[in-house]
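Single-structure report; data block below.
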Amino acid sequence: MAFAEQIKKLEQEGWTKHPVACTMCGAFCGLVEMRKEGEPVSEKTVRIFPNPGHPQQGYCGRSAATMWVWNHPLRLKKPLKRVGEKGEGKFKEITWDEALDGIAGQLKTIVEKYGESSIASTSHTFSGFSKWITLPLGSPNNIGHASSCNAGGISGRHWVFGKGFDGAGKMEPDYANLRYLLLIGRSMGAAMGALHTLNIARANGARVVSIDPRMPDISYGDVDWVGIRPSTDAAFVMGLINRMIQDGTADFDFIQRFTNGAYLVRDNGRPLTQADVIEGGDKAKYVVANATGELSFRGLKKNEAGAVVFDEDPAFKAVLEGVAPVKLTDGTTIPVKTAYEVVKETAAPYTPEKVYEITGVEPGILLRIAKEFTNLKGVIDDGWYTSKNGTDVQLYQLICIANAMNGNIDIPGGLVVTAGAGFSVPSVSAGKGPNGEKWQMAKEKRIDKIVYPEASATFKVALQAAVTGKPYPIKGVFFVGTTMFHREANSQELAEQLKKLELCVVQDVLPQELVDYADYVLPATYFMERKEMAGVKWALNGSIYLSDPGLTPPKGCEARHDVWILLEILRRAFPEKAERVGYKECKTAEEFNKYFDAFTDKGFNKFLAKCESQKPGWAEKIKKDIETQGWSTIKTKKYNEYPYHKPFGTPSGKVEIYAFQSFKNEATEKAIAPVSGYIPSPAFTAPKKNSNEFILVSGKNCVTCSGLNMFTQPTRYLGDRTVWMNPVDAQRLGIRNGDMAEIEGIDTKYVGQARITVTKKVVPGAVFAFGFSGGNRTKHLVNDPEYQFVKEGINSHWFATGYAQPIFGNVANNSSVRIKKVRG
Ligand code: SF4
């Protein structure tokens with residue numbers, strides 16, 4: 001029976017319907033919670049369904065396990081205070097008052113001694129609750145998890161599409177209308193809820209090809225899997241670009257008109273500007289030439305309405321190759337190339353044979369994919385969690401360039417700019433409260449931005465500062481719902497850094513490994529127990545949703561809302577700072593919900609008023625949609641806007657297949673080429689061929705791979721905590737399916753154990769393990785024999801060096817390891 005019918009049937013039987021936005025992995029997919037009223041809440045009386053028709057319809061193995069979290073036997077129920085050594089994981093139960101007063105006292109002492117900036121906070125979800133302590137305190141150090149997730153993708157997109165088009169969900173493949181999708185290292189079974197939409201396109205005949213060292217779960221159906229050596233994806237993409245150029249199948253008209261491909265570049269690689277060729281010319285205007293050598297200038301200007309628009313002669317037919325030397329204002333004549341020519345020269349060495357040598361992908365496969373990609377105007381998915389090798393910004397930059405050269409930008413089935421609903425809830429930001437309050441922040445810059453100026457968020461800098469005191473000391477950290485050992489690479493370093501903190505507070509739902517290092521562990525609610533409203537992130541059209549599951553924590557569990565915990569600590573330490581966000585003591589959960597939900601109501605009412613002023617009657621429709629289905633679509637995506645009529649956020653406003661931003665400063669110039677080639681991974685020692693050394697690759701699937709889900713019983717049976725090895729390698733090492741093996745990090749020397757699955761689903765020379773699948777080393781809080789399975793297997797981050805890419809700060813999670821059989 002279809003989900004919609006099942007839901008209807010339950011409604012007829014008296015079950016109530018509640019919209020939910022899932023955060024089992026953080027993507028806020030649309031679910032429906034069906035509740036059998038009048039009976040005690042359990043996984044039998046609360047059933048979770050995909051929300052039919054929701055623009056980001058959720059459903060994966062993780063969300064199906066939602067209710068196994070609610071009443072989990074290991075659920076953190078009361079505040080805990082450390083009684084053993086840091087890392088020992090020994091705690092005693094204390095009251096909320098004892099915990100909050102104890103933390104507030106330590107917070108005050110640290111801030112008085114070292115200043116506000118010595119306190120940092122971090123979380124994993126888009127709600128970013130952790131900011132509610134650091135920002136009102138005046139510390140800039142609320143730092144997210146991007147460095148271990150999509151930071152490489154953000155920077156790669158930033159370099160090609162520019163500011164405003166690089167963030168999460170802003171540019172996405174048009175999944176619903178795809179003709180052809182190339183997934184490079186991206187498993188659609190991982191987070192970010194686009195799988196359902198993609199499946200609609202697959203049902204309509206879209207082709208999907210996955211290029212990955214391991215066969216991802218999406219390939220178990222009709223998706224082609226092409227195995228590739230780990231960390232060589234950039235060479236494959238370069239091979240693709242080279243083929244498009246050599247075969248003449250690139251979209252040259254798009255390149256000429258809508259990228260900076262025709263822009264002239266000097267012999268030092270820098271763009272030629274109007275100021276170089278005309279006395280008093282504009283440095284922000286770039287130079288193009290036509291077939292007769294005439295020059296023209298392209299730039300940006302503001303129109304009468306104040307909007308930034310292109311400033312160029314649309315009739316000027318710029319050439320992509322063969323421009324004669326150009327005379328400068330000082331009278332000298334210099335040779336020039338077009339940006340496209342530089343791309344062409346950079347890609348030229350990546351012949352199918354060369355690509356095969358680097359990647360192991362047969363020349364015939366590359367040729368076939370290049371043909372399909374261009375014939376069908378396909379798109380390469382540039383997003384989300386993939387295994388990282390420390391050269392990821394360059395890889396994502398190349399993926400964006402390949403998409404642009406295929407002319408698939410902002411067209412149906414291409415890589416498109418999503419519409420966005422324009423809805424926001426008043427919140428706290430640096431120096432600004434949700435009611436318009438203002439305050440002075442500490443003078444220090446956010447600590448990761450000092451070390452990695454282009455970073456989206458590199459939290460590891462804060463923990464390094466806990467040890468070294470540089471660039472300035474960090475003494476206290478609030479970890480809000482984030483499984484650090486499954487998030488940050490190099491677990492050994494992490495453990496040592498955590499021990500150095502004077503104050504380590506962990507707020508969570510289940511006892512993941514980080515709790516062992518906490519001074520205080522505080523039980524928090526999760527998405528089934530709190531209300532939220534926001535824009536739908538991963539959808540083509542702009543929609544808003546309500547998540548209102550309305551459960552309260554189970555009997556005996558004193559879990560509280562993360563923001564209440566943080567604001568109560570702040571109020572007890574610095575009442576005047578809590579008032580910066582309008583917070584005064586809230587004793588009960590109801591009192592707090594009233595305070596916090598008022599922001600949502602305010603944002604929603606303002607939004608409704610805006611919509612009503614645009615179209616009378618619209619506000620009522622939105623309210624009704626939300627009430628009956630939990631979501632409402634506000635804005636329909638218009639295609640062919642960027643870069644046809646509206647500029648991107650790059651210096652030229654065009655899609656930059658040759659990044660002018662690389663010349664931003666000395667550091668960026670050194671860190672990244674305007675168009676990159678393949679760079680072997682600097683993050684780990686390369687393994688010796690045909691030995692017991694391998695690259696350890698991690699990845700996700702649609703069953704496990706969530707910090708909450710890894711504890712649930714469904715994962716015990718559906719999850720996979722083994723390490724995959726190709727039969728060729730297994731035979732050489734005398735390893736059989738199911739054998740227990742010892743795995744040693746070549747660089748980190750860390751040793752772990754896991755069972756081996758011998759399978760052709762991973763390429764020779766690489767081994768694979770699911771991220772978040774197990775390998776939890778929590779010592780004392782997980783002693784229930786039923787849950788020992790969370791300790792099985794390995795966590796790939798134990799073996800990774802934690803290498804962060806200069807300037808950008810995105811971290812590599814792949815590593816190289818030695819493997820030997822322990823027993824059968
Ligand atoms: S992908 Fe799955 S776990 Fe993640 S938010 Fe969506 S439904 Fe939930």
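The values are calculated or read from the model by the stated rules, or taken from the named source; none is laboratory data. The structure displayed is predicted, hence computed values, not measured ones. Cβ coordinates were reconstructed from backbone atoms using ideal geometry, including for glycine residues, and neighbour counts include every protein chain displayed.
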Answer yes or no as to whether residue 123 is of a type in the set (S, T, N, Q), within 16 Å of the ligand (Cβ to nearest atom) and in contact with an Asp or Glu (Cβ under 8 Å, 6 or more places away or on another chain). yes
Identify all residues within segment 1-57 that are charged (D, E, K, R) and in a strand (DSSP E or B); write none if there are none. 17, 33, 35, 36, 47
When residue 16 is evaluated against the numbered criteria (1) surrounded by fewer than 17 Cβ atoms within 10 Å (Cβ to Cβ); (2) touching a Phe, Trp or Tyr at 6+ places or on another chain (Cβ under 9 Å); (3) of a type in the set (Val, Ile, Thr), which criterion, by number, is the only one it fails? (2)
Quick check on my filter: what residues within segment 779-816 are within 26 Å of the chain's Cα centre (by Cα) and β-branched (Val, Ile, Thr)? 790, 794, 801, 807, 811
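Kindly indicate the residue of segment 217-246 that is charged (D, E, K, R) and closer than 22 Å to residue 771 by Cβ and also surrounded by the most Cβ atoms within 10 Å (Cβ to Cβ) among those meeting that condition.
233
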When both residues are 6+ apart or on different chains and their Cβ atoms are under 7 Å apart, which pairs have a first residue that lies in segment 232-254 and is assigned by TED's automatic domain parsing to the domain that holds residue 360, and a second that is assigned to a helix (DSSP H, G or I) and of a type in the set (D, E, K, R)? 245/344
Hey, could you check segment 190-216 for residues that are surrounded by fewer than 21 Cβ atoms within 10 Å (Cβ to Cβ) and not in a strand (DSSP E or B) and say which is nearest to the ligand (Cβ to nearest atom)? 196
Among residues of segment 207-223 being out of contact with any Cys (no Cβ under 9 Å at 6 or more places or on another chain) and touching a residue at least 60 places away in the same chain (Cβ under 8 Å), the residue nearest to residue 362 (Cα to Cα) is 211
Flagged in segment 243-285 as within 31 Å of the chain's Cα centre (by Cα), of a type outside the set (S, T, N, Q) and closer than 24 Å to residue 642 by Cα, in numbering order, are 244, 250, 251, 254, 255, 258, 261
Just to be sure before I move on: is residue 240 among the aliphatic types (A, V, I, L, M) and under 19 Å from the mean Cα position of the chain (by Cα) in the structure I sent? no
Count of residues meeting criterion [under 26 Å from residue 526 (Cβ atoms) and among the basic types (Lys, Arg)] in segment 561-583: 2
Could you grab me the full set of residues in segment 94-138 that are within 16 Å of residue 430 (Cα to Cα) and free of Cβ contacts under 8 Å to residues at least 40 places away in the same chain? 128
Return only the number of the condition from (1) in a helix (DSSP H, G or I); (2) more than 16 Å from the ligand (Cβ to nearest atom); (3) assigned by TED's automatic domain parsing to the domain that holds residue 629 that residue 62 does not satisfy. (2)
Quick one: in segment 27-55, which of the residues that are buried (at least 24 other Cβ atoms within 10 Å of the Cβ) and either at positive phi or small (Gly, Ala, Ser) (or both) is farthest from the ligand (Cβ to nearest atom)? 30
What pairs come up if the first residue lies in segment 349-363 and is under 18 Å from residue 675 (Cα atoms), the second is in a loop (DSSP other than H, G, I, E, B), and their beta carbons are under 7 Å apart, counting only those six or more places apart or on different chains? 355/361
With the condition being hydroxyl-bearing (Ser, Thr, Tyr) and over 24 Å from residue 787 (Cβ atoms), I'd like the strands (runs of 3 or more DSSP E) fully within segment 492-571 carrying at least 1 qualifying residues. 542-547
Can you confirm whether residue 87 is surrounded by fewer than 24 Cβ atoms within 10 Å (Cβ to Cβ), more than 28 Å from the chain's Cα centre (by Cα) and within 14 Å of residue 506 (Cα to Cα)? yes
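If only one of 748, 757, 778 is within 30 Å of residue 77 (Cβ to Cβ) and surrounded by fewer than 24 Cβ atoms within 10 Å (Cβ to Cβ), which one is it?
778
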Mind checking whether some residue in segment 122-129 is under 21 Å from the mean Cα position of the chain (by Cα) and closer than 17 Å to residue 452 by Cβ? yes
